[in-house]
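Here the structure is laid out as structure tokens; the discussion comes afterwards.
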Amino acid sequence: MSDANVAAPSPTARPPRANRASAYAIQLWGVAGAEITKLRHDPIELVSRAIQPVLWLVLFGQVMGRVRGMNTGGVSYEDFLAPGILAQSVLFAAIFYGIAAIWERDLGTLQRYLVSPAPRSALIAGKTISAAVRGLVQGFIVYFIALAIGTKLSLNPLHMLGAAVFIALGSGLFSTFSLIIACLVRTRERFMGIGQVLTMPIFFASNAIYPLDLMPRWLQLVSHVNPLTYQVDALRTLMLRGADSTIGLATDFAVLALVTLCLTAIAARLYPRMGT
């Protein structure tokens, strides 16, 4: 068969799937790398955020530890509290992540993202990954503080790796939720007000500082639709020696992963609105 008879590839043919996946990964990492670079240039923010967890662990933990009759699953209240405060620290850092998107819009960075060929899902996933890295750094600081004050943490490498997965997953979830809020309100003042309103109800309507069975029935129902409850349950199971999950690690992971995927899809649809 002559070369003339060989059909030339169509100029509109889609690139191979492997090439598309590679391009997507490069675009995703480009966004994530840019966000992580910001973190490297401002490490003081993470250190300053460690002050509040110290106050919760040292002051609140020791005072509430004197309260009798609280069923904490066979561990001391100070130990019971540590994973909840770690999750709180990650939550408080992630819930205000969306304000960076508003700053990007005001500085013109957002417009450069939106005119790039990168899919919107890659932009959101890249930001989610960078938020997960930020959450891991924050979690490491609180983990070290808890260990320093005598919390009976499990040092099993597999447990620590599992805890890191749930820290990253929870951080990505709440940072994506924060981006959705930023896309809807689009002003720094409104965002800060809504962020402050949301953080404490999410925190207190979870099992971070008291067991689920201590809550009134209506609050138990609320806590079961609160993603923070599942993150705290997983962290408590993996971080503490002798602690048992009240929900199940598989359920914890499934709920957090599913909610993160749903929020990522919503954020990818809303993100272009930021540039209008």
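Relative contact order, percent, of segment 151-265 when contacts are C-alpha pairs under 8 Å separated by at least 6 residues?
Relative contact order comes out at 38 percent.
Taking amide H positions as placed in the peptide plane 1.01 Å from N, state which residues far from Y210 in sequence (5 or more) or on other chains have amide H under 5 Å from it.
Under 5 Å from the amide H of Y210: no residue qualifies.
Measure off 7 Å from each Cα along the Cα-to-Cβ vector at V54 and D106, then give the distance between these two points in nanometres to one decimal.
3.0 nm
Roughly how many nanometres apart are two label points built 7 Å out from the Cα toward the Cβ at A265 and N156?
Going by the 7 Å Cα→Cβ label model, 3.5 nm.
Just need the relative contact order of segment 108-208 here, percent rounded to a whole number, with Cα pairs under 8 Å and 6+ apart. Mind showing how you got there, number by number?
Working: 34 pairs, mean separation 31.5, N = 101.
Result for segment 108-208 is 31 percent.
Each reported figure results from applying straightforward, stated rules to the coordinates on display, with no laboratory input. Note that the coordinates shown come from a computational prediction; the quantities given were computed from them, not determined experimentally. Neighbour counts run over all protein chains shown; Cβ positions are idealised from the backbone, glycine included.
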